[in-house]
Every structure is written in structure tokens, then in C-alpha cells.
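First the structure, in the form of C-alpha cells, and then the observations on it.
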Amino acid sequence: MKKTKKMISIEDIALAASVSITTVSRVINKFPTVKEANRKSVEEAIKKFNFKPNLSAQRLASGSNNTIGLEIPRYEGIFYSFYAMEIFRSVGIACDTFKVDFLMHLTDGKSSINASAIGGVVFADVINNKKHVEDMLALGMPVVLMNYMSTDLEEASSVSVDNLKGAKTATEYLISLGHEKIAFVSGDLMTQAAQERMSGYRASLEKSGIAIQDEYILKGDYSRKSARAATERILELKQKPTAIFVSSDDMASEVVTVLMENGLKVPDDMSIIGFDDDPVCLYGPVSLTTMMQPLKEMAQMAVKELYLKMQDPDRAVNRIVLSPELIIRDSVRSPRQG
């Protein structure tokens, strides 16, 4: 009769490496606190016995999970978006720094990230998935919100950009150059960022005593298609603006394209200012003046905050707000006189 091959267990690896089961678990889960000598002993034993850990059982036994999840709302063109790609890249790099695994979930607002597969989760924006955040908090899952100030989700830490301040800075820069007829193209107003940029634009006009004109406020959704439609509407106005504040660099680039297609020069005929500081916008027909938002820092700080929360569940709620910066290039000038 053929002998049944014995299944190697985590206990066998611990015995062979002369360490505890907990140490083996920590090596498998890539904890950075394991002594180097112990790590090498465990890795050698794993290789010798060709051990394939049962991750589900191991997580259940250890009561911990060293995987960080990222849930981000899905939208058309997400994999062409500078914002989204910078978030993906920066979160991935930060996870590698902390020696943790990274699981990404794109949501349409209905599907939620699998709580059993992660030890904590970063939510990049909260749009139509607020219930997912509340459900994770109810489970006792460590949660950090990114690009969303969590005033309405008191148990969650957050790392966000001061979009209100950024929009005020952009609008006030245009006003300082003499612009009074300033149009605004919004992002998706379902997002907190877009709402705050709209509020900053309106507040700066009011502060300067400039009347807010409804026809100068056009709703976009961060897509080039919406930016094109908004620019075409602006060109139909009898009293055209001398400057346009656009809520993202991607949309701003499309605004420039449409203006040029219609024989207008930027900034001679119309000034354009964006928001993001997408490097691509350095190399178009005109380098774009913009508000730089520190996406890399925001993503990496969110992962760090989550990692610390995973290590210390009693860690206090922390709300971090980062400041955007005005980057002056060639797409803005004073309006023509007369």
C-alpha cells in the first residue's frame, strides 16, 4: 500500500527552525519586527520542506492579518486618471515600505472590499460607499479615509488636501492679475473635493466684491468629455470670461484644446488654471498653471496612519490636512484691456 505523504504544518516549521509558532506566523505575514537570524531560520525551513502555508487557517490562528486594503470608487477612465494612478502607485510603494501586502478593490458603491481578506482599509474618497466605511468601523476594522475630511465619520482617521484653500488661492491669483470675469468648471459634485473647490471659488469672488454669474459656473465630472462640453458652452456666451478655473489638470488640458480649436490663444485670449500638477501638463501647447496637491504624501501618510492603527487598535483618531501649492507656469496672464 502506498504511504500517504505527511502534510507539513506550521508547527513542523517552528520545530525545525527552533522558534515559536508565533515567530513563523510573523515571518509568513512579513512583520518587520522579527529578528534577522530567526527570519533566516524560518525561511530556510520553509524552503527545505517546501511548506505552503494555509493562509486562511494561519490568519484565524494568529488573529491578525497583515494586508492593507484600498477601496476606491470606480469611474470611466480611472486607469487613465493621473489622480487615480498616483494613488495606486503611492499606496503600493508605502505598503512595500511597511512590508505589508496590498489588496485593491474598485467599487461601484454596491460591492465592498472583502473584510476577511484584510487587516485594515484605506478608503480613497467617500462618494456612494459611505455605508461600506460604516460597516468596516462596526466590525472594528482599522479605517483611514483619504482625500475626505471625516467630520461625519468620527471614528475614522483621515488624510486630506485642503481643497477649499486651494480653490481660494487659484481664484485669488486670477483676481490679483485683474481678472473679474472668471468661469469655473467643477469636478464631480458627488465628491467632497469638488464641492470644496466650488465653495472656494465662490467665496473668493464674494470676498473681492465680484458678482457670481451662474452662466460662468459649469458642472463637470473630471472627464475630458465634460470639460469639452463646458468649454463649448462658454464659447457660446455673449459675455465671455477672461479666465477659467478648472477643477483638474486633465479637464484643463481639454479646455485648452477646445479653445485652440476655435482659434483662441491661451493665455492671450483666455487664461486657464488647473488643479493637480499632472506632469503631462508641462508638455502641451502651453504649460499649465495649476494648484499642486500632494497626492504622493497624502497616500503614503494614509497608509502609515493605517499601519500604526493596525499595530495599536487604541490609537487615537487623527485628522491630517495637507496644503496645496500654486505652481505658476504659462497659461495665465493679465486680461487684455479694452
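Every read-out reported here was derived from the displayed coordinates using simple, explicitly stated rules and does not represent laboratory data. All values reported here derive from a predicted model rather than from experimental measurement. Positions of Cβ are generated from backbone atoms using ideal geometry, with glycine treated the same way; all protein chains shown enter the neighbour counts.
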Inset, instruction - Over all directions, average the projected area of the Cα convex hull of region 221-260 and note it in nm². - result: 2.6 nm²
Inset, instruction - Could you work out the mean projected area of the convex hull around the alpha carbons of region 240-305, in square nanometres to one decimal? - result: 4.7 nm²
Inset, instruction - Would you work out if region 180-238 is rounded, prolate or oblate? Take a ≥ b ≥ c from the square roots of the eigenvalues of the alpha-carbon gyration tensor; rounded if a/c is under 1.5, else prolate when a/b is larger than b/c, oblate otherwise. - result: oblate
Legend entry - Calculated FRET efficiency for the pair Lys165/Asp96, C-beta based, R₀ 25 Å, to 0.05: 0.20
Legend entry - Taking only Cα atoms of region 163-293, radius of gyration then Dmax in Å: 13.0, 36
Legend entry - Computed over region 10-50: relative contact order in percent, which uses C-alpha pairs under 8 Å that are six or more apart: 44 percent
Inset, instruction - Stick to Cα atoms and the Kirkwood definition of Rh, then tell me Rg/Rh for the chain. - result: 1.13
Inset, instruction - Have a look at Ile113, Ile328, Ile234 and tell me which one the Gaussian network model of the chain (Cα, springs below 10 Å) gives the largest fluctuation. - result: Ile328
Inset, instruction - Normalising by the residue count of region 163-293, find the relative contact order in percent from Cα pairs under 8 Å and 6+ residues apart. - result: 24 percent
Legend entry - Largest-first ellipsoid semi-axes for region 10-50, taking √(5λ) over the Cα gyration tensor eigenvalues, angstrom: 14, 10, 9
Inset, instruction - Would you grab the residues whose amide H sits under 5 Å from the one on Ser287? Only those 5+ places off in sequence or on another chain, please, with H modelled 1.01 Å from N. - result: Asp330
Inset, instruction - For the chain, calculate the relative contact order in percent as a whole number, restricting contacts to Cα pairs under 8 Å that are 6 or more residues apart. - result: 17 percent
Inset, instruction - Could you count how many Lys pairs in region 217-330 have their Cα atoms under 26 Å apart, skipping same-chain pairs fewer than 8 positions apart? - result: 10
Legend entry - Under Karplus coefficients 6.51, -1.76 and 1.60, residue-wise ³J(HN,Hα) of region 171-187 in Hz, glycine/proline x: 5, 5, 5, 4, 5, 5, 8, x, 6, 10, 8, 10, 8, 9, 10, 7, x
Legend entry - Amide H partners (placed H, <5 Å) of Leu70, local residues excluded: Leu103, Met104, His105, Val122
